[in-house]
Structure formats: structure tokens, C-alpha cells
Amino acid sequence: MKKILILFAFFGLSSMVITSCCKKEEVPPVAYTCKDSDSKIIWEWSVLKATPVEKWQCLDTLHLSGNQLTTLPPEVREWKNLKRLYLFNNQLTSLPPEVREWKNLEWFHLGNNQLTTLPPEVREWKNLKELGLYGNKFSQTERDKIKAWLPNTKIYW
């Protein structure tokens with residue numbers, strides 16, 4: 001059974017407390033490497049500006065909402081096991097084409113960012129059930145295009 005790992009870094013803390021199997025340790029955020037027994041990281045409402053993506057390959061759920069992310073690096077292609085991704089309330093202006101590798105993605109919430117478009121690679125998300133895009137700046141033309149790409153997905157505008 002996979003355990004849930006919860007990481008909270010509030011308001012500019014330079015490290016976080018990791019609770020894992022009743023043992024607490026303090027770790028700088030970029031130093032954390034998930035283990036195969038981890039399934040979820042919740043790291044919300046912090047000042048996170050970058051993600052140590054290459055170290056988080058084993059996750060199926062990732063919460064990075066309420067941070068200061070403006071972009072995602074190409075290395076996010078390594079998040080192939082993700083089923084749930086929460087990136088709302090950041091400052092994202094685009095997604096990299098490498099998101100095509102997220103073929104297991106079922107829930108993705110990107111609300112309240114600065115997005116105006118999504119890359120055509122999102123068409124690869126055949127398992128996507130729910131997509132939150134509320135609070136972004138999509139034109140009606142872009143909305144229609146996204147709906148056509150993801151006809152079986154519930155999209156929240």
C-alpha cells in the first residue's frame with residue numbers, strides 16, 4: 001500500500017517537515033526525492049518557483065497550487081505516473097509540449113493562472129476526466145479548440 005506524503009512549505013520557509021512512517025525530518029524542498037512507496041505530494045501556498053521534477057517520477061498525485069510557478073520545465077515528461085495534478089493559483093503562462101507524456105492523467109486543475117492557450121499535445125490525454133481552466137484568459141476560439149481536442153473531458157471554465 002502506498003503511503004501519502006504531505007509536504008507543506010508555508011510563506012517562504014526554506015525547508016519543510018516531511019512526515020514519513022512516524023519519523024520527522026527537515027529537508028530543503030529541492031532535495032526531496034520520492035520513493036516508490038510515496039504516491040502523493042501536497043506542497044501548496046508557498047513561494048515555490050521551480051519544481052525538482054526529475055526526483056518525483058513515482059508520484060500519482062501532485063499538489064503544487066498557490067505557489068509562484070510561471071513555467072514548467074521539459075523534464076515534466078518524467079511524471080508519467082501522474083493521475084492527479086493540481087496547479088491552480090500559480091502564474092503559469094504556458095505548458096510545455098512534453099505534457100503529452102502524461103497519458104495516465106485523470107484530473108488536472110489549472111485554474112487561476114495566466115493561460116491563454118494549451119499545447120495541442122493535450123490531445124494525448126485520453127484518460128482525462130476533469131480539467132479545471134477557470135480564471136484563465138482563454139478566448140472562445142481557444143475554448144472551442146480545447147473542447148474538440150478533449151471531447152470526453154469535463155472542462156470547468
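Each value in this text was obtained by applying a stated rule to the coordinates, not by laboratory testing. Keep in mind that what you see is a predicted model, and the values were worked out from it rather than measured. No Cβ is skipped: glycine too gets one built from the backbone with ideal geometry, and neighbour counts run over all protein chains shown.
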In region 76-91, residue nearest to the chain's Cα centre (by Cα) [restricted to those that are crowded, with 21+ Cβ neighbours inside 10 Å and in a loop (DSSP other than H, G, I, E, B)]: Leu87
Please go through (1) part of a loop (DSSP other than H, G, I, E, B); (2) surrounded by fewer than 19 Cβ atoms within 10 Å (Cβ to Cβ); (3) of a type outside the set (Lys, Arg); (4) out of contact with any Lys or Arg (no Cβ under 9 Å at 6 or more places or on another chain) for Thr116 and return the number of the only condition it doesn't satisfy. (4)
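What number of residues within region 130-141 satisfy the criterion of being under 14 Å from Gln114 (Cα atoms) and either of a type in the set (D, E, K, R) or within 19 Å of the chain's Cα centre (by Cα) (or both)?
Total satisfying the criteria: 6.
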Scanning region 71-102 residue by residue, the ones that are closer than 13 Å to Asp60 by Cβ and of a type outside the set (Ser, Thr, Tyr) total 8
